[in-house]
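Scroll down for the structure; my scribbles are underneath it.
Every read-out reported here was derived from the displayed coordinates using simple, explicitly stated rules and does not represent laboratory data. It should be emphasised that the depicted structure is a prediction, and the values quoted were computed from it without experimental measurement. When we count neighbours, we look across all protein chains shown, and the Cβ atoms used for this are built from the backbone with ideal geometry, even at glycine.
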Amino acid sequence: MNYVALKMLFGDRAKYLMLLCGLTFAVMLIVQQGSIFWGLMIWSQSSISNLNVPIWVTDPGIAQVDEVKPIAGTAVDRVRSVPGVEWAVPLYKGLLRARLSNGEYHQITLAGLESSTLIGRPADVLEGRFEDILQPDAVALDQWAVERMGGPTVIKVGTIFELNDKLARVVAIAKTQKSFTNIPVVYTTYERAIRYVPRERRTLSYVLAKPKDGVPVEEVTRRIREQTGLGAFTAEEFEWKTIWWVLKNTGIGINFGTTILLGFIVGMAIAGQTFYLFTVENLRQFGALKAMGTSTFTLARMILLQAFTVGLTGYGVGIGLATVFGFLTAQSGGLPFIETWQLLLLVLVALLAICTFSALISIIKLARLEPAIVFR
Amino acid sequence: MDSQTQPAAVRARGIVKSFGTGDTKVTVLRGIDLDIYLGEMLLLVGESGGGKTTLLSAIAGILDIDDGDIDVLGVPLGELPAGKRTTFRGQTMGFIYQQFNLLPALTAAENVAVPLLIQKIGLPEALRRARAMLDRVGLNDRAEFLPKNLSVGQQQRVAIARALVNEPRLLICDEPTAALDGPNGEKIMELLREVGRSPDRCVIVVTHDSRIFHFGDRLARLTDGRIVSIEPIAREGTA
């Protein structure tokens, strides 16, 4: 009877297309909004992932990575003295204004890396040599700085600008993950970074550390917290802390959540209603099938097959359209779009819920259907 | 009639059926006794609302009765659980409806194959047997047509083929000529007599159409929920 069920489904082309459009729209909306949401979350913690170090040591009251609370300069040595720490290096991170030769000002994030190791440097360099930041007045930029500060004709290797009235010369352009605020990042050595910024009592933003081989990173962060009284997080913990902060303190979660919920409800409403109409309009035919000996169980199986067939088709088309959208937006770099398998799995579960709900309404109707209807 | 010396294929005793409750309760069948024999075509006639369709539904086992017993081919329907009754109906009965009730998305051959698919016969074999049955009702050249592309008479022929394709022993026809004009109704009844009647099968036809009475063997009149008469039908050249 599966053959009959599918022929009935595809035979009513108008309703089939309406169902398909409703479910495709729901899937596309949920995947598209979910992927943009996750992309924004990844952007929000890119200051952590771009540095690619396993342990972040911070002020114990820190809320998120971009809200820097400076710590005492002795923290580096205190962390180094914790058993299980392989190495620990200082990191400066702060906001500053850059003045270009054309007179324009741009806010930048200044990142100061420990000069002997350059730990925390970006993995990929698009132009120049990152190591050249060891030269006098040398800095490296991320590619977003080029985009935000005037484009490749204005900002390139060799460009000179000012940071707090001090000279900065671009020696490299690195490839990094865009940040949530999209503020350009200027990399230099730790020592030079604290010379660029106005004098402050405390200049150390973070201590970056790595556990010795064989020592679990969670164990080392626990020891650092206990022995130094500082905050210590694995990179993953710090990333999630930052993501939760963004979710709690901005309307982004509610906004995207509402849109995703709307997609789910609209999909369920369209699919449920159309499917119910489809069943009601075929009630005499279903009654005839029942009279001819089709059990309610078989009819339920037919309805579920119809619902899941159109549902999975809508799932495929919806994901395809959302992916094309994502590909186009990712190419332009305007919107973050990260389609994860977890999201696709979640959407599949949501879609199956929509299909099951739609099918159940029809199945209840058919279970109560008196086959005697065919004689009326 | 010789067949009446055999046990009845359908044996109904004391059938009572009401709809509604309290002041709105309507008793549609008021103690029906009826025997139908293999090899015969029984016409069930009577005024509208007299209970013909209700009796037909009860005999088919698709409507529960309030009182009485119905045996079909020796099986007491009231004692069968709902699932087994559905299976029994699929294996032993064929249906022809006033409105045909063909599935609009299926071709004529596919529609005819449906009862076989319900019996879990594979699609290729079901379609082969469906085409053979369509050939018997003179529609072999319309096997791949959708119902909407067939005339009303052709649609009823497809419905007859569907009702007969699994060789049912009880053929139940509800106003089979009601949607057809006179000549087409005659043709359909001729076809039903030609391919539907068999010594191993009994046919029940509910009808208003007095022009087709001569196709039956016996005529049962149902009035106000009771069978008021059952008479053999005299044919030209007999009696």
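Between B:A234 and A:Q107, the simple label model (points 7 Å from Cα in the Cβ direction) yields a spacing of 10.9 nm. Cα centroids of segment A:160-212 and segment B:83-145: 79 Å apart. Applying 0.36 nm per residue to the separation of A:E281 and A:V324 and subtracting their alpha-carbon distance, the gain on full extension is 11.8 nm. A simple spin-label model places pseudo-atoms 7 Å from Cα toward Cβ; at A:V349 and A:V266 they are separated by 2.4 nm.
The length gained on full extension between A:E370 and A:T258, counted as 0.36 nm times the residue separation minus their Cα-Cα distance, comes to 36.2 nm.
Report the FRET efficiency, 1/(1 + (r/R0)^6), for A:R225 and A:C21, where r is their Cβ-Cβ distance and R0 is 45 Å, rounded to 0.05. That gives a FRET efficiency of 0.25. For chain A, the mean residue ellipticity at 222 nm estimated from helices alone is -17000 deg cm²/dmol, where every DSSP H run of n ≥ 4 contributes -39500 (n - 2.57) and the total is divided by all residues, rounded to the nearest 500.
Mark the label point 7 Å from the Cα of A:T250 along Cα→Cβ and return the residues of segment A:291-334 whose backbone N is within less than 18 Å of it. Residues passing the 18 Å test: A:330, A:333-334. Here chain A has an Rg and Dmax of 29.1, 96 Å, counting Cα atoms alone. How many angstrom separate the Cα center of segment A:315-376 from the Cα center of segment A:75-92? Taking the Cα centre of segment A:75-92 as reference, the centre of segment A:315-376 is 51 Å away. With the Kirkwood sum run over all distinct C-alpha pairs, segment A:283-376 has a hydrodynamic radius of 15.8 Å.
Of the cross-linked pairs B:K84/B:K120; B:K52/B:K84; A:K69/A:K241; A:K175/A:K212; A:K69/A:K212, which ones have a Cα-Cα span greater than 22 Å in the structure shown? Exceeds cut-off: B:K52/B:K84; A:K175/A:K212; A:K69/A:K212. Amide hydrogen proximity for B:T223: with H placed 1.01 Å from N in the peptide plane, the residues at 5 or more positions away or on another chain lying under 5 Å are B:V228. Relative to the longest principal axis of the Cα atoms of chain A, helix A:252-281 runs at roughly 10 degrees.
Over segment A:263-376, Cα pairs under 8 Å with separation of 6+ residues give a relative contact order of 56 percent.
For the pair A:L95 and A:Q342, what calculated FRET efficiency results from E = 1/(1 + (r/R0)^6), where r is the Cβ-Cβ distance and R0 = 35 Å, to the nearest 0.05? The computed FRET efficiency comes out at 0.55. Looking only at B:I212, B:I172, B:I70, which one moves most when chain B is put into a Gaussian network model with springs between Cα atoms under 10 Å? The residue with the greatest mean-square fluctuation here is B:I212. Round to a whole angstrom and tell me the spacing of the C-alpha centers of segment B:22-40 and segment A:1-55. Rounded to whole Å, the Cα centres lie 57 Å apart. The amide H of B:R201, built 1.01 Å from its N in the peptide plane, has B:G39 as neighbours under 5 Å, considering only residues 5 or more places off or on other chains.
The mean sequence distance of close C-alpha pairs (under 8 Å, at least 6 residues apart), as a share of the length of chain A, puts its relative contact order at 30 percent. Arranged from fewest to most other beta-carbon atoms within 10 Å of their beta carbon, A:W56, A:W341, A:W87, A:W38 become A:W341, A:W87, A:W38, A:W56.
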